[in-house]
Ligand code: DMJ
């Protein structure tokens, strides 16, 4: 049974959390994150290396990602960015020794292997120029290559890199088959090997030719890997979908804005997301992004996942790098958004958004959703967010309409676009609905009894905090893009909560539940905590910016690749 207390007692939200802190505090915070990384990695090195991950409660290890030492590969560039050269030299020994083999009937999950191992190697190569890293990257890509043995050339789920045996159903998952463009295009550029370029290019051609009439230009989750066509109409930016949307913008940016087809797909996807998947909660008016389940029309689930909290950062990155209110200057017109009516409502939705100003809409959506992501942390006694919540709605509930003197059954009244249209009709005064700072509501087991709980607007579906990066990733990008200190102040609050709740004598552990402090911990320290969560926190706190967002593009596992400078011979080789 949980009771409640509000704002000022939130363990991590403070009255002054929108005010910047003195520079020495930021220097100190960055140093603390670096220490946190060393604490975690040294624990891993001592008890788990060269296995995949440390079990931070028992000091055992786990091998969920091929057993080649994923924490090391995923960490290489974090070490370089944090100037941890001794750790990097030791890590190189593990990299050199790995031969990427697996026993019979064991399969490397293709997507995870690409984003963590291949991405880690390529990024560390980009920063260090150590040739061993590129050689190992190419070796790995060669061994993974049998996954493309489908009639469409889309990747299957997994491969045995020793025998080349492949495994996986004919119906594949969007994020798993459509998150390789950055790694493969960069590998092609570094090696001059056209094969890798064509792996990415084939995927982009298939995505570009897919029939998206039923989903108005947004990619659904399930795909037929033989035909290269969508298999369902389940729309999401969370689990099983996330990085596929992310890579559309990032491929355009990485290729120095040459891959225009990817950009057009990004514009269609975000138009659909903003128009149809953003909702407001009934009491606090929290802006959130949710899923549309399979079917026609397919019901809105109102599920809000921690995984989806990368979206504000992606939208903000687009705001920073794209001329959203002057797409004509890129030669992109309404006809490109909805070619011959092939993308359902895409054209109409795009026109509505441009009526508000596309840049405005993307930035407001980014700020509003990021605020909600932050509140799912600030609302908890631990200061850390649950993995999934379900937002409450008034759909189907009867409300008294005083004007019309009758009861009405609410439906879809909290679609963000409806609220935005009403806001505009009323003159667009004040902050748009769902945008702006809101108070946290903390339920605790220490509060007063017998009083009505104030509405927090959601119920917790999965209470665990898995040390995930998405919220701090978005806070980092919003801080860089807007310069508003509140985003990094909140990042610092989250870091302090991690230190308080998740630290163990040898590392950091996922929380079984965020609902009570001190938290009960799970015996797990995922490699992305080292690759992403701590890296984004560090980059958020340091003053100088070694990885500026206009010069580097982060893969979905936070491995930065440099924006291409194409040479004439590369342009000729790849036909750009
Ligand atoms: C990371 O491995 C990547 O960011 C991936 O794209 C999805 N989520 C996990 C961490 O939450």
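What follows is calculated from the coordinates using simple rules that are stated; it is not laboratory data. Treat the numbers as computed from the prediction; the structure is a model and nothing was measured. Neighbour counts are summed over all protein chains in view; Cβ atoms, including those assigned to glycine, are modelled from backbone coordinates with ideal geometry.
Just a few scattered comments:
- Summary value for region 15-163: 19 percent relative contact order, contacts being C-alpha pairs under 8 angstrom separated by 6+ residues.
- Report note on the peptides 167-177, 293-303: ranked by the mean count of other C-beta atoms within 10 Å, highest first, their order is 167-177, 293-303.
- Note on residue 211 and residue 512: the model spin-label points, each 7 Å out from Cα along the C-beta direction, lie 4.9 nm apart.
- Residue list for region 166-202, given a label point 7 angstrom along the Cα-to-Cβ vector of residue 573 and an amide N cut-off under 19 Å: 181-202
- Three-way shape label, the chain, alpha-carbon gyration tensor, a/c 1.5: oblate
- Within region 428-576, the percentage of alpha carbon pairs spaced more than 29 angstrom apart rounds to 36%.
- Distances between every pair of Cα atoms in region 485-570, grouped in 5 Å steps from 0 to the bin holding the largest one, split as 3, 12, 17, 19, 17, 12, 8, 5, 3, 2, 1, 0 percent.
- Computed over region 265-345, the P(r) tail beyond 21 angstrom holds 41 percent of alpha carbon pairs.
- Three-way shape call for region 97-189 based on the alpha-carbon gyration tensor, with the a/c threshold at 1.5: oblate
- Each Cα pair under 8 Å and six or more residues apart adds its sequence gap; the mean of these over the residue count of the chain is a relative contact order of 21 percent.
- Long-range Cα-Cα pairs in region 535-576 (distance over 14 Å), rounded percent: 60 percent
- Expected-Rg normalisation [2.2 N^0.38 Å, Cα atoms] applied to region 213-337: 1.09
- The alpha carbons of region 146-244 give a radius of gyration and a Dmax of 13.5, 42 Å, in that order.
- Expected 222 nm ellipticity per residue - DSSP helices of 4 or more, -39500 (n - 2.57), all of the chain, to 500: -12500 deg cm²/dmol
- Region 221-285 shape via C-alpha gyration tensor axes, a/c threshold 1.5: oblate
- A simple spin-label model places pseudo-atoms 7 Å from Cα toward Cβ; at residue 35 and residue 422 they are separated by 5.0 nm.
- The mean sequence distance of close C-alpha pairs (under 8 Å, at least 6 residues apart), as a share of the length of region 447-576, puts its relative contact order at 23 percent.
- Average silhouette area of region 1-141, convex hull of alpha-carbon atoms, in square nanometres: 13.0 nm²
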